[in-house]
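One structure below.
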Amino acid sequence: MSHNTVPVAPMEAAVEARVGDRIVVHSTHQGEPERSGQVLEVRGEAGGPPYLVKWSPDGHTALFFPAGTCTVVHEALRG
């Protein structure tokens, strides 16, 4: 799995995604499952957030602003 972050400042990183990429949000609480979804739209500049994401398994869509617990799996890397 690959995640793509761009250094912004010593304690920050910016997420960069493209349409078709998968967003994985890792749980911060033990026993809570990860969430994942497919990027349908990139609304920020240069691949930046927010993203319109179709979440699995129920297929609901929502505007997503990433936090430090998420990674981006690029479509090309999933094969």
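Just so you know, all these numbers are worked out from the coordinates, no wet-lab data involved. In this text, all values refer to a predicted model and were calculated from it rather than measured experimentally. For neighbour counting, all protein chains shown are included, and Cβ atoms are generated from backbone atoms with ideal geometry for every residue, glycine included.
Using a simple spin-label model with pseudo-atoms 7 Å out from Cα toward Cβ, ALA46 and SER27 lie 3.6 nm apart. Peptides 20-29, 60-69, 35-44 ordered by packing proxy, namely the average of other Cβ atoms within 10 Å per residue, highest first: 35-44, 20-29, 60-69. The HN-Hα couplings worked out from phi for segment 64-70 by the Karplus form 6.51 cos²θ - 1.76 cosθ + 1.60 (θ = phi - 60°) are 10, 10, x, 10, x, 9, 10 Hz, whole numbers, x standing for Gly and Pro.
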